[in-house]
1. Given the criteria aliphatic (A, V, I, L, M) and farther than 17 Å from V415 by Cβ, does V379 qualify?
2. Among the numbered conditions (1) buried (at least 22 other Cβ atoms within 10 Å of the Cβ); (2) over 22 Å from V27 (Cβ atoms), tell me where I166 comes up short.
3. V326 versus (1) open to solvent by 40 Å² or more (accessible area, probe 1.4 Å); (2) under 17 Å from W302 (Cα atoms); (3) within 22 Å of the chain's Cα centre (by Cα): which is the lone unmet condition?
4. Restricting attention to segment 250-277, which residues are outside any helix (DSSP H, G or I) and of a type outside the set (A, V, I, L, M, F, W, C)?
5. Check segment 378-395 and report whether any residue there is on the phi < 0 side of the Ramachandran plot, of a type in the set (F, W, Y) and touching a helix residue (DSSP H, G or I) at 6+ places or on another chain (Cβ under 7 Å).
6. Of the residues in segment 39-58, how many are assigned to a loop (DSSP other than H, G, I, E, B) and surrounded by 13 or more Cβ atoms within 10 Å (Cβ to Cβ)?
7. What number of residues within segment 106-132 satisfy the criterion of being open to solvent by 40 Å² or more (accessible area, probe 1.4 Å) and closer than 20 Å to K218 by Cα?
8. Scanning for something surrounded by 12 or more Cβ atoms within 10 Å (Cβ to Cβ) and not in a loop (DSSP other than H, G, I, E, B), does segment 66-79 turn up at least one residue?
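The values are calculated or read from the model by the stated rules, or taken from the named source; none is laboratory data. This is a predicted model, so every value here is computed, not measured. Positions of Cβ are backbone-derived with ideal geometry, glycine not excepted, and every protein chain shown enters the neighbour counts. Keep in mind that these areas ignore ligands, DNA and RNA; they rest on the heavy atoms of the full protein, side chains included. Shrake-Rupley method; radii C 1.70, N 1.55, O 1.52, S 1.80 Å.
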Amino acid sequence: MERKGKSKEIMVAFLILIMGLMMAFMVPTWETPDEYTHLWMIGDSIGVDGFADKITDSIELQQERIEFHPEEKVDIQEQKDSMVKSPKYVRSEMLPKAIHISVIKHLPATLGIILGILLGMPAYWVMQFGEIFSLIFYVYICYLSLKLMPIKKEVMALLMLFPMAIQQASSINYDAVLLPMCYLFIAYIFYLKFEKEEIGIRQFVIAMLIWCVITYIKMPYGLLGMLVFIIPLKKIKINLHIVVVDENLIRKCRIPVGILMTVGFVGAVYVFRNNQYIQVVYGFVREWKRGIYLLTATGSTWTDFLMTSTVGNFGWLDTPMLFSVVIVIFVVLAFVSLLRSDRNVEYKLDRKDRIVVLMTFILLCILITMSLANHTIKVILFGSEQSSMTYEIREALYQIPYIGGLQGRYYLPFVSLLFIAIPECVKVDERKKRLVLGALEIVMYIYVFGLLVNRFWIA
């Protein structure tokens, strides 16, 4: 049984690797959103001035001809030339001069890019090395997450294999780090809940490190930390030498600790009151009726787009999968979440746990949606998110019709929580289930690769 479980996880990792490698080459360089921005961020994190411009100049591919123009295709000769063209930059000027903590956001891609530069490869292959290293990181962390996840493995596997997730995983975008780390945190919390008999200092430190990486990359996803409330208190035994934090101590100190945490939270909000996320939340709380209206209007306006871009809307969001296909995929995912596993009856969520998981999902949806309010306000009022102009948040909320700039991939790190919370109530044969799901994945990717070939490569 243990070998079967491992083989299933290895098979998923292998599928992710193959699909990711194909995606890395089928979506052309510069046709994944914000590649230049992320390349600039990588250069900044290693202290190299002009890093992004030097690589861009060395590749010499037309960046703007294809994006948003479905009738335009890749120039095959130009593509071939870029694959063998020597870089214009000098190797020594591209190597790290200083390492900043922000390198964490793009660490796998950064390592791949630096290796490509050290090997003296054409800039095209330098970029591809960055993408491949990102993909390898995604594959390993997804494999580890599936090994840890005691329930709903198939749900997690299907989400990890979403074409949109694979596109981001095989890019230099920091989503290639954020996505798998969120999967890992979710899996680790459920592992602690169901399989770990005692939670000590080691488990606490591991969970905190994963959570800190997630929160550092993008603060709103730190709300995933709410999942710790599904961990049974009786399992906690953190030996700090001075004191042992266990169920008895937590119950005795929960009121004063709760008060201290509240005071600390209020103090942190005050200190960082000028942070854009805190400003937006403040505006939504003070103008809660308008906030509800904006969230409702956003949902009704962008539902189809958000669902599609969660599953697959490739390139510069100009190559969407058919909405009917997207619906089928979500229906399959919902059905899979109903399937009962052969695990022990103890591996079940009770009502309280489901409420915590669903509340975490809902609050993350709201917070991620709200976080784009600043983008929408600046674009509508000043024409660009990069504008240095300021605004009063409570007034600005009445000057936008909905929250724009959202993409379904922003919800991918936590959308699994919705399906994990669904009770398992349908018993099926495990072998048949794997065969059906494997066939569906193959059919989906045949469709996706056909879509990409037609969009970018066939004139």
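1. On the way: aliphatic (A, V, I, L, M): yes; farther than 17 Å from V415 by Cβ: yes.
It is true that V379 is aliphatic (A, V, I, L, M) and farther than 17 Å from V415 by Cβ.
2. (2)
3. (1)
4. Our first condition is that a residue be outside any helix (DSSP H, G or I); within segment 250-277, this holds for 272-275.
Answer for segment 250-277, where residues must be outside any helix (DSSP H, G or I) and of a type outside the set (A, V, I, L, M, F, W, C): R273, N274, N275.
5. Within segment 378-395, the first condition is being on the phi < 0 side of the Ramachandran plot, and the residues that meet it are 378-382, 384-395.
Pick out the ones that are also of a type in the set (F, W, Y) and you get 382, 391.
Add one more test, that the residue is touching a helix residue (DSSP H, G or I) at 6+ places or on another chain (Cβ under 7 Å), and what stays is 391.
Yes: segment 378-395 contains one or more residues that are on the phi < 0 side of the Ramachandran plot, of a type in the set (F, W, Y) and touching a helix residue (DSSP H, G or I) at 6+ places or on another chain (Cβ under 7 Å).
6. Filtering segment 39-58 for residues assigned to a loop (DSSP other than H, G, I, E, B) gives 46-50.
If we keep only those that are surrounded by 13 or more Cβ atoms within 10 Å (Cβ to Cβ) too, we end up with 46-48, 50.
Summing the residues that are assigned to a loop (DSSP other than H, G, I, E, B) and surrounded by 13 or more Cβ atoms within 10 Å (Cβ to Cβ) in segment 39-58 gives 4.
7. Looking only at that region, the number is 1.
8. Initial filter on segment 66-79 (surrounded by 12 or more Cβ atoms within 10 Å (Cβ to Cβ)): 66-67, 70, 72-75, 78-79.
Among the residues that remain, those that are also not in a loop (DSSP other than H, G, I, E, B) are: 78-79.
Taking every residue of segment 66-79 in turn, at least one turns out to be surrounded by 12 or more Cβ atoms within 10 Å (Cβ to Cβ) and not in a loop (DSSP other than H, G, I, E, B).
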